[in-house]
Amino acid sequence: MKPLLLFLSSVLLVSCAPSTPAVTPQLLNVYVTSAAYPRVSKLYTCAPPSIVISLSDPASAELTLRLGEPIPLTTPAFQIGTEDILIVTHPQAGVGSLTLDQVQQLFSGRVTNWKDVGGNDLPVQVWTFASGEDVQQIFDRSVMGGQPVTSLARLAVSSQAMSDWVGSTPGSIGYLPRRWKTGNTREGLQAASVPVLVVARTEPQGSVRELINCLQASK
């Protein structure tokens, strides 16, 4: 009987041992611009178990995933990759490579027909992004140099919309991150190569720092 009593005592001791309290994951609000959205999957892959990613608006975000540096840059930022910004056209425009000067003339409205830059006899349809979008800021600095885009330009609400509209509207010209160049668009010029950044509201610590380290290692 003694071995049986010893066994029962052991069971009672194990069952009475205090359990380890479950750790509640930290909710991390992250804003991702449409230009940087193809990297969202890597964001989830790199998130440690102690973090739950919640995609949010810019005002409530603790981290922002974007292309290029915001102006001004006043908080910590970490490069996790690079991205090319391309000038893209609809194939029916009939042009191949474009020069920077030609691109400036097309977007400013000084050239309104593709035949004037060696293309087909087709009206130019300019597409741009709303002011404040990261890719729009890069385009303005790298391509237009402060020159205004024609007031007749149409606005794309996202990189997906820009890709769709330029690819489906004959005569169109726009600009996209390389990762968004899909479907029926033709590359006319590589306008810039810019860093992909994670911008933090405050200096990252603990699991957030671990997340950023993973993103940097996998770039």
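Quick note: the coordinates plus some simple rules give every number you see, no bench work behind them. These numbers come from a predicted model, not from an experiment. Backbone-built Cβ (ideal geometry, glycine too); neighbour counts: all protein chains shown.
What relative contact order, as a whole-number percentage, does the chain give when Cα pairs under 8 Å and 6 or more residues apart are counted? Walk me through the intermediate numbers first.
On the way: 403 pairs, mean separation 69.5, N = 219.
Result for the chain is 32 percent.
Taking neighbour Cβ counts within 10 Å as the exposure measure, how do R179, R110 sort from fewest upward? Show your work: numbers first, answer last.
On the way: R179 17, R110 11.
By the 10 Å Cβ count, ascending, the order reads R110, R179.
With each pseudo-label sitting 7 Å past Cα toward Cβ, what's the Q79-Q216 distance in nm, one decimal?
So the two model labels end up 1.2 nm from each other.
Compute the long axis of helix 2-16 from its Cα atoms, compare it with the longest principal axis of the Cα atoms of the chain, and write down the angle in degrees, 0 to 90, nearest 10.
40
Starting from the Cα gyration tensor of region 139-180, multiply each eigenvalue by 5, take the square root, and state the resulting semi-axes largest first in whole Å.
Values: eigenvalues 69, 37, 15 Å².
Semi-axes (√(5λ), whole Å): 19, 14, 9.
How would region 83-193 be classified by its alpha-carbon gyration tensor: rounded, prolate or oblate, with rounded meaning a/c under 1.5 and the a/b versus b/c comparison settling the rest? List each step's numbers first, then the result.
Working: a/c = 1.40, a/b = 1.18, b/c = 1.19.
In terms of gyration-tensor shape, rounded.
Under a plain spin-label model, where a point goes 7 Å from the Cα along Cα-to-Cβ, how far apart in nm are S97 and D116?
Modelled inter-label distance: 2.4 nm.
Fewest first, what order do D116, D57 take by the number of other Cβ atoms within 10 Å?
Details: D116 14, D57 8.
Ranked by crowding around the Cβ, least crowded first: D57, D116.
Kirkwood Rh, the chain, all Cα pairs: how many Å? Don't jump to the answer; show the numbers that get you there.
Working: mean 1/r = 0.0499 Å⁻¹.
After inverting the mean inverse Cα-Cα distance, the result is 20.0 Å.
Among DSSP bridges having both ends in region 83-193, what percentage is antiparallel? Round to the nearest 5. Could you put the intermediate results ahead of the total?
Numbers: 12 of 17 bridges.
If I count the DSSP bridges inside region 83-193, around 70 percent turn out antiparallel.
Calculate, in whole percent, how much of the Cα-Cα pair population of region 170-219 lies beyond 14 Å.
Working: 803 of 1225 pairs.
Of the Cα pairs, 66 percent sit more than 14 Å apart.
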